[in-house]
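S.K.: One structure is given below, represented as structure tokens, and several questions about it will come after.
The values are calculated or read from the model by the stated rules, or taken from the named source; none is laboratory data. Just so it is clear, the structure is predicted and the values come from calculations on it, not from any experiment. FYI the Cβ positions are ideal-geometry reconstructions off the backbone, even for glycines, and counts take in every protein chain you see.
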């Protein structure tokens, strides 16, 4: 083989390895792709919903006609309350914005990223609840870098200790953005 052919093969090999590292290992392509999510409100086991309730909570005439003295009134579904809330701010060279809420029905709690949530994209992004001491609770992979999404919070998590939500790139150990959770 001549020198030119050898250099060409070596150059192509180097390029192939560089592309593999950039896309396969470091996930560079995720910086150029948006992943939009629209989950709506969280699904509580109790059947409670965070969606706006119908203004007509009064029983209709048809409902009143079907109730008899022997029937017990239907049990009201659990209500959803906002326990904590916050707004994202960006960290370093990344962009994260939007509102976040902790919603509860009294039994379960969900971290809800609002419709206005928007984050720089990247590889291996996680949603963390972080304490001031640096401990964290991993709520899971970020489902999308745009849109509303929900993450169940473990029952034993003390939100007085874990009072910051962080979008965290686990692969490179860097925070993209954070929101301090406060009482509404």
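Yes/no matrix, rows are residues, columns are (1) more than 9 Å from the chain's Cα centre (by Cα); (2) part of a loop (DSSP other than H, G, I, E, B):
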| residue | (1), (2) |
| --- | --- |
| 110 | yes, no |
| 116 | yes, yes |
| 129 | yes, no |
| 134 | yes, yes |
| 139 | no, no |
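S.K.: Let me ask another. Could you please tell me which pairs satisfy a Cβ distance under 6 Å, a separation of 6+ or placement on different chains, a first residue in region 134-145 that is loosely packed, with under 13 Cβ neighbours inside 10 Å, and a second residue that is assigned to a loop (DSSP other than H, G, I, E, B)?
M.R.: From region 134-145, no pairs qualify.
S.K.: Continuing with the same structure: Answer yes or no as to whether residue 94 is modelled with pLDDT of 95 or more and not in a loop (DSSP other than H, G, I, E, B). Even if it seems obvious, please write down each step before you answer.
M.R.: Numbers: modelled with pLDDT of 95 or more: yes; not in a loop (DSSP other than H, G, I, E, B): no.
Spelling it out, it is not the case that residue 94 is modelled with pLDDT of 95 or more and not in a loop (DSSP other than H, G, I, E, B).
S.K.: Need pairs with beta-carbon distance below 7 Å; first residue over 25 Å from residue 42 (Cβ atoms) and within region 71-95, second assigned to a loop (DSSP other than H, G, I, E, B) and modelled with pLDDT of 65 or more; sequence gap 6+ or separate chains.
M.R.: Going by the 7 Å Cβ cut-off, the qualifying pairs are 94/120; 95/120.
S.K.: Looking at (1) touching a strand residue (DSSP E or B) at 6+ places or on another chain (Cβ under 6 Å); (2) modelled with pLDDT under 95, can you tell me which one residue 147 breaks?
M.R.: All conditions pass for residue 147, except number (2).
S.K.: Considering only region 143-172, how many residues are more than 23 Å from residue 92 (Cα to Cα) and not in a loop (DSSP other than H, G, I, E, B)? Walk me through how you get there before you give the answer.
M.R.: If we filter region 143-172 for residues that are more than 23 Å from residue 92 (Cα to Cα), which is where we start, we get 148-161.
Filter once more, so that each one left must be not in a loop (DSSP other than H, G, I, E, B): 149-153.
Summing the residues that are more than 23 Å from residue 92 (Cα to Cα) and not in a loop (DSSP other than H, G, I, E, B) in region 143-172 gives 5.
S.K.: While we're here: Please indicate, with yes or no, whether at least one residue in region 48-55 is under 30 Å from residue 173 (Cα atoms) and at pLDDT 65 or above.
M.R.: Initial filter on region 48-55 (under 30 Å from residue 173 (Cα atoms)): none.
No, region 48-55 has no match at all.
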